[in-house]
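S.K.: Here it is, the structure in full.
The values are calculated or read from the model by the stated rules, or taken from the named source; none is laboratory data. Being a predicted model, the structure only gives us computed values, none of them experimental. Cβ sites come from the backbone with ideal geometry, for glycine too, and all protein chains shown count toward neighbours.
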Amino acid sequence: MAVTDCDLYLDWHTGSDGNLITDAIAAGSCRPTSPVDVPDAYPGSTLTAMKIESDSASPISGLVKCDGVTYDIGDTTQGAIYSHASNYEDMVTADFTTAPNVMSMGFLFKTGLHEEWEWHALSGMVGSGEWALLAPRFFESALHLYLHTSLGYSGSAIIIENNTWYWATIQYNRTAGYGYLAVYLASTMEQVGSTVSLAFGGSPSAVSYWTVGQHASQGNTEASSTWYGPVIFDWTDGTFPLLPGTEEQPQDWVEILVRAVDGTCYDPTANPLRGMPVVVKPKGHVWGSGEGPPEYMIVKVTSVTPDFMDPYARPRIEEKVSNLFPRSEKYTLTDARVAIRAFSKPFAENDRPIKLRLLRRREFRLAESLLNMTADIGGTITVTPDRFQQSLIRTAIR
């Protein structure tokens, strides 16, 4: 499977372990960092039962591409956790400015829900009077996952184990008039059971908003929690099932060493500043122990060769030959044999022209937005050629 394209990637990179999720944490935890429809906390600006949790870091790897940048969900260092001990409706959500007719979402989760016959309504997508939500219910010594719409619950369920990581993917399909749910065991990404579906009631609207967390408590509480890892959303194509990609890098790509801080060497050609590409290497290059944070970062550019990218890292050195010759003063004031007007007249000592070598630092540097994003995800980022070139800034001549 190729890298999975998505419209929004929620990786919980803002806040720290144990922080209650706020509007700022919700908004700061997504890629791209400035989406059109900004996520927030609901129902309050600070949630009551949903926190950032380091134990929710992704247990698997998988490639997703958002806004031209490729991310490995295995690089996440934290996720979220919801406590079912109290009767709270707590979620991270975003309202749509332009409502999609078909939308999918996929996310890592595990849960400890175990009380008999109690319904819960967790993450999903909601329209006006319609929804497609993940609905767990524990009975007969097993946890059953149903799809929940306005017509009730799907006729069949997907049976999973408690406290085990799974990848759930849900689709809200207004065109078909159905919701769909599929679940995969995270450790193998093999599907568990079969895909379940349930019709919508009446004439469903387009998707109004999405939710991650406890959408509705339904009055049930118990001493357990649900953990959430990375979440991806696709409303452009509504791909279902929406799964992280497993393909390695494209056949051709390059790795570029970029300065993360200003260099200190006097020689301009050896002194790149923050954001300036230093050297281009082919795929799979083994970087030295010092070629990483905090001094450097690695930017991988897909589908290109080193020869194509090398000019962006090469210092610009220009040479000019002057038409003037070296001159010095011929006379002194004690030389009375020369007229006063000639006292300061220079003369050419030789006929060798001066060779002026004008040095310029590297011509390009990368925008701060890309540098900050790279730092956020550990110092290495993968981008498309278009995204790389859009981030280039031509430096002034020095």
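S.K.: Kindly indicate the residue of region 26-42 that is more than 24 Å from ALA186 (Cβ to Cβ) and in contact with a strand residue (DSSP E or B) (Cβ under 8 Å, 6 or more places away or on another chain) and also surrounded by the fewest Cβ atoms within 10 Å (Cβ to Cβ) among those meeting that condition.
M.R.: Residue satisfying both the conditions and the ranking: VAL38.
S.K.: Picking from LEU143, LEU134, which residue would you name as being assigned to a strand (DSSP E or B) and within 19 Å of SER208 (Cα to Cα)?
M.R.: LEU134
S.K.: Just to check your reading of the model, which residue among VAL92, VAL38 is among the hydrophobic types (A, V, I, L, M, F, W, C), part of a loop (DSSP other than H, G, I, E, B) and in contact with a helix residue (DSSP H, G or I) (Cβ under 6 Å, 6 or more places away or on another chain)?
M.R.: VAL38
S.K.: Condition test on ALA135, is it of a type outside the set (Phe, Trp, Tyr), closer than 27 Å to HIS13 by Cα and free of Cβ contacts under 8 Å to residues at least 60 places away in the same chain?
M.R.: yes
S.K.: With (1) without any contact (Cβ under 8 Å) to a residue 12 or more places away in the chain; (2) touching a helix residue (DSSP H, G or I) at 6+ places or on another chain (Cβ under 9 Å) as the list, and ALA24 as the residue in question, which single condition is left unmet?
M.R.: Answer for ALA24: the failing condition is (2).
S.K.: Another question, if that's okay. THR98 fails exactly one of the following numbered conditions: (1) over 28 Å from LEU20 (Cβ atoms); (2) of a type in the set (Val, Ile, Thr); (3) in a strand (DSSP E or B). What is the number of that condition?
M.R.: (3)
S.K.: Here are some conditions: (1) surrounded by fewer than 19 Cβ atoms within 10 Å (Cβ to Cβ); (2) modelled with pLDDT of 90 or more. GLY68 meets all but one. Which one does it not meet?
M.R.: Only one criterion in (1) surrounded by fewer than 19 Cβ atoms within 10 Å (Cβ to Cβ); (2) modelled with pLDDT of 90 or more is unmet by GLY68, namely (2).
Yes/no matrix, rows are residues, columns are (1) surrounded by 16 or more Cβ atoms within 10 Å (Cβ to Cβ); (2) in contact (Cβ under 8 Å) with a residue 40 or more places away in the chain; (3) within 27 Å of TRP12 (Cα to Cα):
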| residue | (1), (2), (3) |
| --- | --- |
| THR149 | yes, yes, no |
| GLY152 | no, yes, no |
| ALA157 | yes, no, no |
| THR188 | no, no, yes |
| TYR209 | yes, yes, yes |
| GLY219 | no, yes, no |
| ALA223 | no, yes, yes |
| TYR228 | yes, yes, yes |
| PRO241 | yes, yes, yes |
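S.K.: Scan (1) farther than 26 Å from LEU113 by Cα; (2) buried (at least 21 other Cβ atoms within 10 Å of the Cβ) for the single condition GLN78 breaks and write down its number.
M.R.: Of the numbered conditions (1) farther than 26 Å from LEU113 by Cα; (2) buried (at least 21 other Cβ atoms within 10 Å of the Cβ), the odd one out for GLN78 is (1).
S.K.: If you go through region 246-254 one residue at a time, do you hit one that is surrounded by 14 or more Cβ atoms within 10 Å (Cβ to Cβ), at pLDDT below 90, among the charged types (D, E, K, R) and farther than 17 Å from THR380 by Cβ?
M.R.: Yes.
S.K.: Hey, another quick one. Does LEU134 satisfy being more than 23 Å from GLN78 (Cα to Cα) and modelled with pLDDT of 95 or more?
M.R.: no
S.K.: Please work out if GLU291 is surrounded by fewer than 19 Cβ atoms within 10 Å (Cβ to Cβ), in contact (Cβ under 8 Å) with a residue 12 or more places away in the chain and among the charged types (D, E, K, R).
M.R.: For GLU291, the condition - surrounded by fewer than 19 Cβ atoms within 10 Å (Cβ to Cβ), in contact (Cβ under 8 Å) with a residue 12 or more places away in the chain and among the charged types (D, E, K, R) - is met.
S.K.: Can you tell me which residue in region 363-398 is modelled with the lowest pLDDT, limited to those that are surrounded by 13 or more Cβ atoms within 10 Å (Cβ to Cβ) and farther than 28 Å from ASP75 by Cβ?
M.R.: Checking each candidate, the answer is THR395.
S.K.: For VAL278, state whether it is at pLDDT 90 or above, within 25 Å of GLY378 (Cα to Cα) and either surrounded by 15 or more Cβ atoms within 10 Å (Cβ to Cβ) or not hydroxyl-bearing (Ser, Thr, Tyr) (or both).
M.R.: So VAL278 passes the test.
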